[in-house]
Amino acid sequence: MKYAFIAALLFTHICTSAQTPAEGEAAGNEKVKVIRLDAKRYRAKGELLLRLSGIKVIPLCADTSQLGFVQVGITNRKIRAVPDKPYTPYLQDFVNTILGGVYVPSGRQMLWVIKDLRINETTETMSEHAFVRLKADAYVPADNSEQPTYRLLKAFDTVLIKGGMDVTGKHDKNIAQAIQLFYLACEDAAGAYSSGTSMTEAAIIDNILQPFKAPIYQDTAYKKGIYFTYQEFLANAPAISDFEIEAKTRKKILVYTTGSDNIRKEVRHMWGVSYKGELYKYDAGELIPIERKGNAFVLSKYMDDINRRNKSIFWGSVAFGIVGGGIAYTSTGVHTATAIPEIMGFGPEATAVDVESGDLVF
């Protein structure tokens, strides 16, 4: 998949009215940033290739309770960024506002399936960077019936990057730009379908939700062991159940298994570990506590204390060494998101596991 990266975008067709996100409180007095979307209507220049009566937005993101994280305070503490209304009307109302001017009564309704929409920030010595990722599929009717089937028009996956000294107030603009880029990509793809297979709306939704039917989402308990691959994790089927993990330093761990020959061997490549019902992603010699939130697996450090389930209780009091076949050290530090290699140079901070690849995503 190719990504589009834009450090600073200026659009003549859309003028967003920036609103600095308000700070509020969620359940349990958790501080959050509220991101409001507001934009003026898009005005097309020239004849449109797509004749649309409307766009139906179907959010199928792994976690629709938030948009991501922003930095606050002099220490750049991370807090959740949330929409100012329920997720579906949040996006649907915005799309209708900016694109309502291109709708015509004789047109057809397009489906937009939002697979991922997330924002984040990072700070370097002299500047900050804001990230927004929009991953979505566009479908158009294959016929003119009242209950049509649909064909895939455009699969879209874009990351926008904007730098500056204070990027927190720019996320609304970034999201608006990503949405407009998606629409323009649909216009460019008009008549050139990505797939000749037609499906009903229900079948499209069921197909996209298939990854969330994997055993790791359905089983009531996580099996103890080492996952060598993301596929083993999804199947809740660790390759090895007996293991030891030794903390050599605060930044280095060693994982060992003992084979039938009773020889202790180091494991140098793995996806993660499950122990006593808690999950850990392996990254750069460290074990990162993760847990499920909605249909997402997020880094536990980004869960507030009230909702956090992965407490690392078993080894929380141990500094170094091997402990009863369990884990003696886990990481709560900052890890770079690796799911999109092209942006790693900007230092995006990992907050979750990417649904498709199993890599860390911002």
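Some points to look at:
- Relative contact order (percent, whole number), the range 5-208, Cα cutoff 8 Å, 6+ residue spacing: 23 percent
- Members of Lys78/Lys224; Lys276/Lys301; Lys265/Lys301; Lys33/Lys162; Lys115/Lys154 lying beyond 22 Å, as alpha-carbon distances in this model show: Lys78/Lys224; Lys265/Lys301
- Using θ = phi - 60° in the Karplus curve 6.51 cos²θ - 1.76 cosθ + 1.60, the 3J(HN,Hα) couplings for the range 272-279 round to x, 9, 10, 8, 6, x, 10, 10 Hz; x is entered for Gly and Pro.
- Gyration tensor (alpha-carbon) shape descriptor, the range 174-266, a/c threshold 1.5: prolate
- A straight chain from Glu30 to Ser195 at 0.36 nm per residue would run longer than the Cα-Cα distance by 55.0 nm.
- Cα centroid separation - the range 164-232 against the range 66-108, whole Å: 16 Å
- Nonlocal amide H pairs with Ile35, under 5 Å, H built at 1.01 Å: Val82, Asp84
- Here the peptides 37-45, 238-246 are ranked by packing, the mean other Cβ count within 10 Å, and the order with the highest first is 238-246, 37-45.
- Counted over the range 5-208 with a bin width of 5 Å, the fraction of Cα pairs per bin, in whole percents, is 1, 7, 15, 19, 19, 15, 11, 7, 4, 2, 0, 0.
- Based on every Cα atom in the range 155-210, Rg and the maximum pairwise Cα distance Dmax equal 15.9, 47 Å.
- Equivalent ellipsoid semi-axes - Cα gyration tensor, the range 26-124, angstrom: 33, 15, 11
- Under-5 Å amide H pairs with Ala142, H placed in peptide plane, nonlocal only: Thr149, Tyr150, Arg151
- Judged by the mean number of other Cβ atoms found within 10 Å, the most tightly packed of the peptides 257-270, 277-290, 129-142 leads the ranking 129-142, 277-290, 257-270.
- Rounded to 5, the percent of DSSP beta bridges in the range 5-208 classed as antiparallel: 70 percent
- Using a Förster distance of 45 Å, the FRET efficiency for Val72-Arg51 (Cβ separation, nearest 0.05): 0.50
- In this rough spin-label picture, where each label sits 7 Å from Cα along the Cβ direction, the Ala221-Lys248 distance is 3.5 nm.
- Across the range 157-174, coupling constants 3J(HN,Hα) worked out from phi with the 6.51/-1.76/1.60 Karplus curve, θ = phi - 60°, read 8, 10, 10, 9, 10, 10, x, x, 8, 8, 9, 4, x, 10, 5, 5, 5, 5 Hz, and Gly and Pro carry x.
Read the figures in this text as sums done on the coordinates, not as results from a lab. All values derive from a computational prediction rather than experimental measurement. Every residue, glycine among them, receives a Cβ derived from its backbone with ideal geometry; neighbour counts consider all protein chains shown.
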